[in-house]
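The values are calculated or read from the model by the stated rules, or taken from the named source; none is laboratory data. Fair warning: this is a prediction, and the values are worked out from it, not measured in the lab. Cβ placement follows ideal geometry from the backbone for every residue including glycine, while neighbour counts extend to all protein chains displayed.
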Amino acid sequence: MVVAVVDDHRLISLLAAPEPPTGRYATTCSWWWRLTSALSGHRRGALSSRLEEFDHSVSSAIRTTVQGLPERLVIVDLRQLIPAMGVLAQSHVVNQLAAEAVAAAAYLRAPIEVEVDSHLLRAAAYAENIAYRVV
């Protein structure tokens, strides 16, 4: 069972926690991509800035974890999600990030937990009866 589908910012917080969180979490391919590209060191966005704030040992541990994709982290194959994402795009105003997150949450029967609120994601999640939390 998956605790929640989390955004890239929430994922950083979970990976940087002194104690690993219990349970399995999921993220999307898009959020995983944004996190891994921020870790490359060639980006200058909000994720890269957050990663630079951590102690070197913490950021190094996050990099190692992200490269290995641990068992406690689930990413649903886009082949499973894209048909549902297309249906969501017909019913709601969504971008790819929002459509993928809502489709993943529906597929996994899990809530969405984010640190960065998105009105598109929030509206689509509520419309699809998916719990949405900003932490």
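Considering V66, V102, the condition of being under 13 Å from the mean Cα position of the chain (by Cα) and at pLDDT 95 or above is satisfied by V102 alone. One residue stands out among those in the range 119-135 that are part of a loop (DSSP other than H, G, I, E, B) and free of Cβ contacts under 8 Å to residues at least 40 places away in the same chain: the one that is nearest to R79 (Cα to Cα), which is I130.
Please work out if V74 is under 15 Å from L15 (Cα atoms), out of contact with any Phe, Trp or Tyr (no Cβ under 6 Å at 6 or more places or on another chain) and either among the basic types (K, R) or not in a helix (DSSP H, G or I) (or both). Considered against the rule, which asks whether it is under 15 Å from L15 (Cα atoms), out of contact with any Phe, Trp or Tyr (no Cβ under 6 Å at 6 or more places or on another chain) and either among the basic types (K, R) or not in a helix (DSSP H, G or I) (or both), V74 comes out as yes. Looking only at the range 81-94, decide whether some residue is of a type in the set (A, V, I, L, M), under 27 Å from P21 (Cα atoms) and modelled with pLDDT of 95 or more. For the range 81-94, residues of a type in the set (A, V, I, L, M), under 27 Å from P21 (Cα atoms) and modelled with pLDDT of 95 or more: present.
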